[in-house]
Amino acid sequence: MNKILKQVISILLAIAILIPSGLFAPVTEAASSEIPVLLYHRIVDTATNEWTDTSVDKFKSTMKYLYDNGYNTLTADQYVNIKAGVEAAPAKPILLTFDDGTPDFVTKALPVLDQYDMNAVAFIVTGWIGAGYSMSHAQLQDLATNHPEY
């Protein structure tokens, strides 16, 4: 998926979240318009900040719970389409989001998501790429090439 298409999908997702769903007449009625969202910032070995850190063990146990209990993780496209009424929601839909584009998404979260065949949405701060605690250009290119669903 090219860079422009990813930016368009991110913008559409943000719009879908911010605009009240009653403004658009749904094409199909989803089973429930409520879709839980789990937001993550950093997946780390030892959580030291309760607002931004989730330990690897806690993340693994949460993903195992979702998998064992039949939750269906959504892609950005699915979420937008469901909220717009274009697509029916699967049973037990849930959206996993990762903010800021920190490298632990690739090193810690992605292996677990792959293990359970889960989808997620990564929100990248473009001004942070390659600087400070953010993914490098190479990590983002690898992610785009080998995991375009994120």
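The values are calculated or read from the model by the stated rules, or taken from the named source; none is laboratory data. Predicted model, so just to flag it, every value in this text is computed and none were measured. Note that we place each Cβ from the backbone using ideal geometry, even for glycine, and neighbour counts take in every protein chain shown.
Of all the residues that make up region 120-138, how many are out of contact with any Phe, Trp or Tyr (no Cβ under 8 Å at 6 or more places or on another chain) and surrounded by 18 or more Cβ atoms within 10 Å (Cβ to Cβ)? Talk me through it step by step, then tell me what you get.
Of all residues in region 120-138, those out of contact with any Phe, Trp or Tyr (no Cβ under 8 Å at 6 or more places or on another chain) come to 124-133, 136-138.
After this cut, where a residue has to be surrounded by 18 or more Cβ atoms within 10 Å (Cβ to Cβ) as well, the list is 124.
Count: 1.
Looking only at region 69-99, count how many residues are surrounded by fewer than 19 Cβ atoms within 10 Å (Cβ to Cβ) and closer than 23 Å to T52 by Cβ. Residues in region 69-99 being surrounded by fewer than 19 Cβ atoms within 10 Å (Cβ to Cβ) and closer than 23 Å to T52 by Cβ: 3 in total. The set of residues from region 79-103 being at pLDDT 95 or above and at positive phi comprises just one member, K92. Scanning region 34-86 for residues that are touching a Phe, Trp or Tyr at 6+ places or on another chain (Cβ under 9 Å) and of a type in the set (K, R) yields R42, K64, K83. The condition of being closer than 25 Å to S134 by Cβ, over 15 Å from the mean Cα position of the chain (by Cα) and at pLDDT below 95 holds for only one of A25, A76, A31, A47, that being A47.
Of the numbered criteria (1) at pLDDT below 95; (2) over 16 Å from the mean Cα position of the chain (by Cα), the one V106 fails is (2).
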